[in-house]
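Enquirer: Structure below; questions to follow.
The values are calculated or read from the model by the stated rules, or taken from the named source; none is laboratory data. Nothing here was measured: the structure is a model prediction, and the numbers come from that model. Cβ sites come from the backbone with ideal geometry, for glycine too, and all protein chains shown count toward neighbours. All accessible areas refer to the heavy atoms of the entire protein, side chains included, with ligands and DNA or RNA removed. Shrake-Rupley method; radii C 1.70, N 1.55, O 1.52, S 1.80 Å.
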Amino acid sequence: MNPKVTILGVGPGDPELLTMKAMKRLEDCNLVLYTGSLISEEVKDLFKGKESFDTSSMTMEEIIQKVKEGVSDGKRICIAHDGDPSIYGAISEEIALLGKEGIEAEIVPGVSSFQLSASLLGMELTCPGGPQSIIITRLPQRTKYERKMIVERNSTMVIFLSIHLVRQVQEELLRVFPPDFPAAVVYRAGWKDQLVLKGRISDLEDLVRNYKITKTALIIVSECLRYNGHERSDLYFPGFTHSFRKGRSP
């Protein structure tokens, strides 16, 4: 039996990237709550024929109240989150407030915009001879989080929610990386008007300003953006042995 409330990851914008479980939950629910400014029109089309509310102007308390009313009416509810709910999705407080009302919710993960962005860039976020760690971070402006954005030279960096502060992002990056280090900006990954821009850290501010990007974009900084195939993965190298494959000369 399906739960009455599902916190649903609907991906970055392309409706074909919803998981089978996400589609099943949408088909079975009666009520959908969603943030209209963050979800593409193509994904919103999947909500047609159902009662739905755009929560863009609502507080978390108002959203919880709407869910509470729906549960009392016996409705099955999906709270749709763009991308994956576990990344900057505010679901910790959502789940806590639902719990105070005696409402349990399941979480259905979705494809994150950083995963789709890597695909659009044709890159591996952890590449042979390059970074083996991924840092997901942001500039903590207008938050209670007082620490600075994490910047690490030996990692692939994915920077969310900071495109409007691109000059500060660039300054933080240049404290650690050289100006010619590869960087990319992906705007509205999965939307019809998506943009995929490649350059260097020194280009970032001009790149963003020239294309008039002010929101709904992320920045990727990584040695993997210039991977040329010269380095080989040890795991798949002919001489590398493991329990399923004997070593052999290349």
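Enquirer: Counting only Cα atoms, I'd like the Rg/Rh figure for region 105-170, Kirkwood definition for Rh.
Expert: Over the Cα atoms of region 105-170, Rg/Rh equals 1.01.
Enquirer: Sticking with this structure for a sec: Run the numbers on region 166-207 and let me know its relative contact order in percent, using alpha-carbon pairs under 8 Å that are six or more apart.
Expert: Relative contact order for region 166-207 comes out at 44 percent.
Enquirer: Quick check on my link table: of K24/K48; K4/K50; K48/K212; K75/K192; K68/K100; K21/K50, which ones sit more than 22 Å apart, alpha carbon to alpha carbon? Before the final figure, lay out the partial values.
Expert: On the way: K24/K48 15 Å; K4/K50 15 Å; K48/K212 32 Å; K75/K192 33 Å; K68/K100 11 Å; K21/K50 18 Å.
Long pairs (Cα-Cα over 22 Å): K48/K212; K75/K192.
Enquirer: First check a/c for region 75-125, with a ≥ b ≥ c the square roots of the eigenvalues of its C-alpha gyration tensor; if it is under 1.5, answer rounded, and if not, answer prolate when a/b is larger than b/c or oblate otherwise. The partial results should precede the final answer.
Expert: Details: a/c = 4.38, a/b = 2.73, b/c = 1.61.
Prolate shape, in that a/c is at least 1.5 and a/b is the bigger ratio.
Enquirer: Would you kindly state how much longer the chain becomes between T126 and K198 on full extension, computed as 0.36 nm times their sequence separation minus their alpha carbon distance, in nm to one decimal? Don't jump to the answer; show the numbers that get you there.
Expert: Working: separation 72, 0.36 × 72 = 25.92 nm, distance 1.78 nm.
The span from T126 to K198 would gain 24.1 nm if fully extended.
Enquirer: Report for region 5-106 the percent antiparallel among DSSP-assigned beta bridges with both residues inside it, nearest 5.
Expert: Rounded to the nearest five, the antiparallel share is 5 percent.
Enquirer: If the only charges are +1 at each Lys and Arg Cβ and -1 at each Asp and Glu Cβ, what is the size of the charge dipole of the chain around the Cα centre, to the nearest 20 debye?
Expert: Details: 32 positive and 33 negative charges, 112 e Å.
Computed charge dipole of the chain: roughly 540 debye.
Enquirer: Given a Förster distance of 45 Å, report the FRET efficiency between K48 and N154 from their Cβ-Cβ distance, rounded to the nearest 0.05.
Expert: 0.45
Enquirer: Using a 1.4 angstrom probe and counting only protein chains, how large is the accessible area of L195 in Å², to 10?
Expert: For L195, solvent-accessible area is about 50 Å².
Enquirer: What length, rounded to one decimal in nm, is gained on full extension from E106 through to Q168, with 0.36 nm per residue of separation minus their alpha-carbon distance?
Expert: 18.6 nm
Enquirer: Then there is this: DSSP beta bridges in the chain, what fraction antiparallel, as a percent rounded to 5?
Expert: Given both bridge residues lie in the chain, the antiparallel proportion sits at roughly 45 percent.
Enquirer: Percent relative contact order of the chain, based on C-alpha pairs within less than 8 angstrom and at least six residues apart?
Expert: Over the chain, the number comes to 19 percent.
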